[in-house]
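Presented below is the structure to which this report refers.
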Amino acid sequence: MTITVNILYQGKGENARLFADEMVSSGLVDKIRQQSGNLRYEYFVPLDNQHAILLIDEWENQEAIDLHHKSPMMAKIAELREKYQLHLKVTRYQQID
């Protein structure tokens, strides 16, 4: 059962974009993509909100998401969210087979 999580990061000025840039440049995005069960981890800029970043995060199942959330990478992600003072809105979609 595939699970897709959309996370809309918003902050002041360019903070959301700077966050995504640092996620990529630090190697965190590559590490997340290599985690067992990860199917997709991509950032996008919404056309109607240039100060936001949308993350589309897709996993094979809930177990893969739980392992990701327990990984040391989550502390680094939280640290970067705090550094850039971001707010997020999370939407979850579950594919039913």
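The values are calculated or read from the model by the stated rules, or taken from the named source; none is laboratory data. Nothing here was measured: the structure is a model prediction, and the numbers come from that model. Neighbour counts are summed over all protein chains in view; Cβ atoms, including those assigned to glycine, are modelled from backbone coordinates with ideal geometry. Accessible surface areas use protein heavy atoms only, side chains included; no ligands, DNA or RNA. Shrake-Rupley method; radii C 1.70, N 1.55, O 1.52, S 1.80 Å.
Quick one: in the range 33-45, which of the residues that are open to solvent by less than 30 Å² (accessible area, probe 1.4 Å) and under 15 Å from Asn6 (Cα atoms) is farthest from the chain's Cα centre (by Cα)?
Filtering the range 33-45 for residues that are open to solvent by less than 30 Å² (accessible area, probe 1.4 Å) and under 15 Å from Asn6 (Cα atoms), the one farthest from the chain's Cα centre (by Cα) comes out as Asn38.
For the range 72-97, name all the residues that are part of a loop (DSSP other than H, G, I, E, B) and within 14 Å of the chain's Cα centre (by Cα).
Of everything in the range 72-97, just one residue is part of a loop (DSSP other than H, G, I, E, B) and within 14 Å of the chain's Cα centre (by Cα), namely Leu86.
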Quiz item: Would a scan of the range 56-63 turn up a residue that is loosely packed, with under 11 Cβ neighbours inside 10 Å and over 13 Å from the mean Cα position of the chain (by Cα)?
Solution: no
Exercise. Scan the range 1-21 residue by residue and report those that are part of a loop (DSSP other than H, G, I, E, B) and surrounded by 17 or more Cβ atoms within 10 Å (Cβ to Cβ).
Key: Gly11
Exercise. Give the residues of the range 46-55 that are under 17 Å from Thr4 (Cβ atoms) and open to solvent by 20 Å² or more (accessible area, probe 1.4 Å), sorted by residue number.
Key: Pro46, Leu54
Quiz item: Since His51 meets every condition but one in (1) touching a helix residue (DSSP H, G or I) at 6+ places or on another chain (Cβ under 7 Å); (2) modelled with pLDDT of 95 or more, which condition does it not meet?
Solution: (2)
